[in-house]
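First the structure, in the form of structure tokens, and then the observations on it.
The values are calculated or read from the model by the stated rules, or taken from the named source; none is laboratory data. Bear in mind the structure is a predicted one, so any value in this text is a computation, not a measurement. Cβ sites come from the backbone with ideal geometry, for glycine too, and all protein chains shown count toward neighbours. To get the accessible areas, we keep the full protein, side chains included, count just its heavy atoms, and leave off ligands, DNA and RNA. Shrake-Rupley method; radii C 1.70, N 1.55, O 1.52, S 1.80 Å.
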Amino acid sequence: MREALSRARLQEFLKELSHSASQPVRLYLTGGASQLLRGLRESTVDVDLTLEPEAAEVLRSMVMLKERLNLNVEIVSPAHFVPALPGWRERCEFVEEIGRLSVYHFDAYTQVLSKLERGHDRDRSDVADLVGAGLVDPERLRELFARIEGDLFRYPAIDPKSLRRAVEGLAR
């Protein structure tokens, strides 16, 4: 069992990981790790991230670092579970540059859509925190959702009507 991940341990992981990047790499944090760096959580259970490009040396380094630092690392993005919302890259918030590693928060709107789709208690709390912090405007989310709603057939695990209700409920 891995221990809970604090902000300090997450920053140590990112710093150590940056040493392995021999070329510029964008690292997108999502989920609890993103909430942690935003100051919206005290801890999380894992580091959810996506890399562009998926540099082999960075991926290899992750395997070693997760053992040495006793943490869980998942290569995952909200776009694995819901369609990425139009303009998601432009809405990714820059966190910091560490060597050749550029760290970003994955688009908060796509994160919220993914969390609404999952609907766990922790996800609902994260959604409330992102909305409360002014990072997501529920009406804008509804507009963006309308633009991808027709693509939900590509995600057979999603119940489009339930997701629409969740988005509408947030916008009310």
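Just one of the listed residues (R142, R91) is at pLDDT 95 or above, open to solvent by 60 Å² or more (accessible area, probe 1.4 Å), touching an Asp or Glu at 6+ places or on another chain (Cβ under 8 Å) and over 30 Å from K15 (Cβ atoms), namely R142.
Looking only at the stretch 12-46, which residues are more than 16 Å from the chain's Cα centre (by Cα), surrounded by fewer than 16 Cβ atoms within 10 Å (Cβ to Cβ) and not acidic (D, E)? If the condition is that a residue be more than 16 Å from the chain's Cα centre (by Cα), surrounded by fewer than 16 Cβ atoms within 10 Å (Cβ to Cβ) and not acidic (D, E), then K15, H19, S22, Q23, P24 are the ones that fit. Does the stretch 60-69 contain at least one residue that is of a type in the set (V, I, T), open to solvent by less than 20 Å² (accessible area, probe 1.4 Å) and either more than 12 Å from the chain's Cα centre (by Cα) or at pLDDT 95 or above (or both)? No; the residues of the stretch 60-69 include none that is of a type in the set (V, I, T), open to solvent by less than 20 Å² (accessible area, probe 1.4 Å) and either more than 12 Å from the chain's Cα centre (by Cα) or at pLDDT 95 or above (or both).
Pairs meeting the criteria (first residue in the stretch 127-138 and within 16 Å of E93 (Cα to Cα), second residue of a type in the set (F, W, Y) and assigned to a helix (DSSP H, G or I), beta carbons under 8 Å, at least 6 apart or on different chains) are V136/Y109.
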